[in-house]
Amino acid sequence: MICRAPTLNGTAKSINNEAAVTAMPGVTHVALLDFGVAVRARTFGQCIDAVRALDVVWADGPVAGESDATIVKQVRAAQLPMPALPANPLVQTVTGDFVFYFRSNSPMDTNSAIADVRADSATIWAGLKSPIVAQQRIAEALGMAEDQVKVNVVTAGGSFGRRLFFDGALEAARISQAMGQPVKLMWHRADDARAGRAHPLGTCRVQATYLGGEVLSFNQSLTCVETDYRHGLGELLTARGSDLPGGLGNQGFAQTIFALTQEIPYNFGEVTQTVLEVDERFNTGSMRNIYSPDVRVAAELVVDQLAARMKMDPLAFRLKFERNDRLRAVLQKVAAAGEWGRPMAPGTAQGIAIHKEYKGVSACVVEIDARPVTVDRSIPNAVTGPRVTRVTYAIDAGRVVNPRGLEAQMQGGINDGIALALTSSLHLRDGHFLEGSWDNYFYTRQWNTPPRVDVIVMPSDSEQPGGAGEAGVAATFAAVACAYARATGTVPTHFPINHDTLSFTPKPFIPPIPQSPTNGLQLTW
């Protein structure tokens with residue numbers, strides 16, 4: 001196990017009690033490395049006991065003292081200016097300015113690896129999505145030739161992009177080399193939440209102009225903490241390119257991916273979309289759907305405001321300006337199946353949104369309950385707040401090989417979108433994230449899961465599969481945001497909506513992990 005700094009990316013300077021820890025039951029080795037202090041013992045519980053006993057002198061990481069508020073301020077200071085407004089006094093403007101907080105990119109099971117590093121060879125076992133660059137980077141770190149390192153890819157839990165990186169495998173290899181012994185490394189869940197990778201915090205601004213019944217321009221600018229693409233395209237050449245000094249290579253990846261995935265599929269006159277990534281200090285990763293969820297939420301909320309200004313129903317407005325026939329078809333289908341426009345009680349409402357990506361199109365209708373009786377309900381150890389009560393989702397993904405599999409995948413994406421809209425985020429305070437495990441991190445739980453979810457797989461004339469792995473996230477996220485705005489009469493400006501309420505008591509940072517279990521049924525922290 002590894003004892004990590006209480007602030008992000010902090011380094012260990014020295015160990016005050018190395019001899020005493022080494023003498024603890026089962027402990028065989030203690031090693032000081034730049035990313036922390038590694039402990040090797042015969043059992044996981046003995047490792048935990050040793051890590052909790054360590055007395056380490058730490059150097060602060062580069063984000064020491066930072067918080068959500070300070071990072072938002074720094075990101076906003078870097079925002080690109082919006083285009084100048086027309087001189088015509090009849091032209092009207094609609095604007096939006098939204099904040100999307102850090103979100104955890106922890107995999108379903110923690111980072112883990114087995115490494116056996118000898119004088120002239122190394123063998124690694126780990127769950128990996130980019131094993132070639134992992135092998136090449138590990139060889140570099142160990143001072144070996146590439147053919148001296150063998151990487152075995154093993155089955156691992158869902159990673160949502162997290163295993164594009166090989167942090168656990170690289171750490172295990174370095175620890176094994178430092179100790180001169182084979183090691184089995186398993187991150188604790190607190191390592192994932194606090195020192196792992198996060199989806200970047202960002203701000204998204206939108207400025208739209210209209211005159212009469214026409215939209216003249218639609219400008220959208222995303223500014224965010226850097227998304228790390230230093231795994232490249234899975235091999236060393238592009239990984240080196242993405243790692244150019246000053247983030248220049250990484251910014252090239254960001255611009256390319258943004259340009260290839262983001263689109264405003266409406267006839268909105270002059271349209272511009274830009275991305276600027278500004279802060280390299282955080283451990284980040286390209287969590288599900290990368291830029292699309294945040295970009296779509298900001299765009300669709302402003303689309304609803306444009307519709308209101310023009311005194312049009314949100315569906316009718318979208319159908320009028322939609323320029324993609326496939327999107328128009330999924331909009332019409334989801335509106336009919338979701339009973340768009342049906343009477344809703346005060347404090348409840350419907351929201352509708354669309355998304356186009358990966359040669360596929362989708363639309364979502366959401367119903368939300370934001371009445372006090374729902375928002376203020378008491379559930380132990382829970383984030384309550386508004387509840388999505390119904391989701392109707394339609395997708396045209398081209399030729400579909402496995403319709404039931406596609407339906408299940410969209411159900412997962414729907415729950416992702418609900419979480420991003422309402423409950424799921426990391427809280428940065430004094431240079432570290434407060435969340436210490438899944439019980440602190442409020443992905444969509446049973447009490448926030450809609451009782452009714454309908455997924456419609458559209459027939460398609462396309463002979464080509466469109467791809468749909470992440471498609472369920474963005475349209476759902478945006479539809480939830482739009483439904484919330486209509487139910488409450490207030491357009492949300494930050495996500496998740498409940499982020500300002502800390503719904504748990506933070507676990508301690510020193511010691512960094514809970515005690516070793518003596519009874520697995522009664523483990524608490």
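If amide hydrogens are placed 1.01 Å from N in the peptide plane, which non-local residues have theirs closer than 5 Å to the one on L276?
Residues meeting the amide H criterion: L222, T223, C224.
Please compute the alpha carbon radius of gyration of the range 121-254, then divide it by the globular-protein estimate 2.2 N^0.38 Å. Two decimals is fine.
1.41
Computed over the Cα atoms, what is the radius of gyration of the chain divided by 2.2 N^0.38 Å, N being its residue count?
1.03
Over the Cα atoms of the range 373-423, how large are the radius of gyration and the largest Cα-Cα distance (Dmax), in Å?
In order Rg, Dmax, the Cα atoms of the range 373-423 give 14.9, 45 Å.
What fraction of the Cα pairs in the range 1-62, stated in percent, has a spacing above 14 angstrom?
Of all Cα-Cα distances in the range 1-62, 48 percent exceed 14 Å.
D for the range 111-186, whole µm²/s, Stokes-Einstein with Kirkwood Rh over alpha-carbon pairs at 25 °C and 0.890 mPa s: what number?
Translational D for this selection: 206 µm²/s.
Can you give the Kirkwood hydrodynamic radius of the range 350-486 from its Cα pairs, in Å with one decimal?
15.8 Å
What aspartates and glutamates sit close enough to K320 to cross-link, taking a C-alpha to C-alpha distance under 14 Å and skipping anything fewer than 8 places away on the same chain?
E214, D304
Taking the alpha-carbon centroid of each part, what is the distance from the range 462-525 to the range 88-133 in angstrom?
Here the answer is 16 Å between Cα centres.
Once you place label points 7 Å from the Cα toward the Cβ at M312 and E140, how far apart are they in nm?
It works out to 5.1 nm between the two label points.
Figure the gain on full extension for H29 and R42 (residue separation times 0.36 nm, minus the Cα-Cα span) and round it to one decimal in nm.
The H29-R42 span can extend by a further 3.7 nm.
Between V151 and residues 5 or more places away or on another chain, which pairs have amide H atoms under 5 Å apart, with H built 1.01 Å from N, and which residues are they?
Hits under the 5 Å cutoff: I124.
Check the straight Cα-Cα distances from K333 and name the aspartates and glutamates below 14 Å, setting aside those fewer than 8 residues away within the same chain.
The qualifying aspartates and glutamates are D325, D396, D454.
Test of understanding: what is the full-extension gain from I257 to S67, defined as 0.36 nm times their sequence separation minus their Cα-Cα distance?
Here the segment from I257 to S67 would lengthen by 65.6 nm.
For the pair E235/E18, report the inter-label distance in nm, with labels modelled 7 Å from Cα in the Cβ direction.
4.1 nm
Can you give me the distance in nm between label points at T155 and A87, each placed 7 Å from the Cα along the Cα-to-Cβ direction?
Using points 7 Å along Cα→Cβ, the separation is 6.9 nm.
Filter the GluC sites (Glu not before Pro) in the range 420-522 to those in DSSP coil with at most 13 other Cβ atoms within 10 Å of their Cβ, and list the result.
Here the sparse-neighbourhood loop sites are E463.
Determine, for each peptide in 264-276, 354-366, the mean count of other beta carbons within 10 angstrom over its residues, then list the peptides with the highest first.
So the order, starting with the most tightly packed, is 354-366, 264-276.
Spelling out what I want: for every residue of the range 290-306, take phi, set θ = phi - 60°, compute 6.51 cos²θ - 1.76 cosθ + 1.60 (Karplus), and round to whole Hz; glycine and proline get x.
Result, rounded to whole Hz: 6, 8, 4, x, 5, 5, 5, 4, 4, 5, 5, 5, 6, 4, 4, 5, 4.
Can you list the residues of the range 410-441 with backbone N under 19 Å from a point 7 Å past the Cα of S462, pointing along Cα to Cβ?
410-411, 413-414
Relative to the first principal axis of the alpha-carbon coordinates of the chain, what is the inclination of helix 131-142, with its axis defined by its Cα atoms, in degrees from 0 to 90 and to the nearest 10?
40 degrees
Which value in deg cm²/dmol, rounded to the nearest 500, describes the helix-derived mean residue ellipticity at 222 nm for the chain, given -39,500 (n - 2.57) per DSSP H run of n ≥ 4 and division by the residue count?
-9000 deg cm²/dmol
What angle do you read, to the nearest 10 degrees and between 0 and 90, between the alpha-carbon axis of helix 472-488 and the longest principal axis of the chain?
60 degrees
Counting alpha carbon pairs within less than 8 Å and at least 6 residues apart, what relative contact order, in whole percent, applies to the range 1-62?
Worked out over the range 1-62, it gives 48 percent.
Which entries of K150/K184; K129/K150; K311/K356; K13/K184 show an alpha-carbon separation above 19 angstrom in the structure shown?
Flagged as over cut-off: K311/K356; K13/K184.
Skipping prolines and chain starts, which residues have an amide H placed within reach, meaning under 5 Å, of the one on N105, given they are 5 or more residues away or on another chain?
Under 5 Å from the amide H of N105: R197, A198, H199.
What would the Debye equation give as log₁₀ I(q)/I(0) for the range 198-495 at q = 0.15 Å⁻¹, counting only Cα atoms as equal point scatterers?
These q points yield log10 I(q)/I(0) values of -1.25.
FRET efficiency for T490 and N402, Cβ-Cβ distance as r, R0 = 45 Å, nearest 0.05?
Efficiency computed from Cβ-Cβ geometry: 0.65.
Read phi for every residue in the range 160-168 and hand back ³J(HN,Hα) as whole Hz from Karplus 6.51 cos²θ - 1.76 cosθ + 1.60, θ = phi - 60°, with x for Gly and Pro.
Here the 3J(HN,Hα) series is 6, x, 5, 7, 4, 9, 10, 4, x Hz.
In whole Hz and in residue order, list the ³J(HN,Hα) couplings for the range 393-406 that follow from phi through the Karplus curve 6.51 cos²θ - 1.76 cosθ + 1.60, θ = phi - 60°; x for Gly and Pro.
With the stated coefficients, the range 393-406 comes to 10, 10, 9, 10, 10, x, 5, 9, 7, 9, x, 5, x, 5 Hz.
Values in this text are rule-based calculations from the coordinates and carry no lab data. The model shown is predicted, which means the values in this text are computed figures rather than measured ones. Backbone-built Cβ (ideal geometry, glycine too); neighbour counts: all protein chains shown.
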